[in-house]
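Okay, so here's the structure we're looking at.
The values are calculated or read from the model by the stated rules, or taken from the named source; none is laboratory data. Owing to the predicted nature of the structure, the values given are computational and were not obtained by experimental measurement. Virtual Cβ from ideal backbone geometry, glycine too; neighbours counted across all protein chains shown. Just the protein is used for accessible areas: all its heavy atoms, side chains included, with ligands, DNA and RNA removed. Shrake-Rupley method; radii C 1.70, N 1.55, O 1.52, S 1.80 Å.
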Amino acid sequence: MNERDFFDERPETKRANYSCPHCRERADYEVRWLRRTKKSQMPRGMNEQQKAQFSKARDYMVRVDDMITCARCRRRFDIPNFQTVVFI
Ligand SMILES: [Zn+2]
């Protein structure tokens, strides 16, 4: 059993505005995230430690994309935001 078994996973996109470090073009990009929603029922067969982890677990979103492709010059660049996990 791993932590992912605690959650239902759903892909989502969030729009964000970034400027390209190569050509300075600023544009909106659709960035892919996964929304992990805690299961309404505790999975079966967990030990005490896992049950404690489950009860503390919170919904969160994790970013899937690390890089995006510039809409103008088509070069790839790192998403300039180091926040890859957001608690909901
Ligand atoms: Zn560019």
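For the reader, a short list of remarks on this structure follows.
- In the chain, helical runs assigned H by DSSP with n ≥ 4 each contribute -39500 (n - 2.57); averaged across all residues and rounded to the nearest 500, the mean residue ellipticity at 222 nm is -3000 deg cm²/dmol.
- Ligands, DNA and RNA left out, the accessible area of the chain computed with a 1.4 Å probe is 44% carbon and sulfur.
- Across the options Met42, Tyr29, Gln53, the greatest Cα extent toward the positive end of the charge dipole of the chain (unit charges at beta carbon of Lys, Arg, Asp, Glu) belongs to Tyr29.
- 16 Å cut-off, amide nitrogen to a point 7 angstrom out along Asp59 Cα→Cβ, residues in the stretch 13-29: 13-14
- Mean-position separation - Cα centroids, the stretch 23-56 and the stretch 59-88, in angstrom: 17 Å
- Stretchable slack from Glu12 to Arg44, in nm (0.36 nm times residue separation minus alpha-carbon distance): 8.7 nm
- Note on Arg4 and Arg74: the extension gain reaches 21.8 nm, defined as 0.36 nm multiplied by sequence separation minus the Cα-Cα distance.
- Net charge, Pro21 excluded, C-beta distance under 15 Å - Lys, Arg +1, Asp, Glu -1: +3
- Taking one quarter of the surface of the convex hull spanned by the alpha-carbon atoms of the stretch 1-72 gives a direction-averaged projected area of 5.9 nm².
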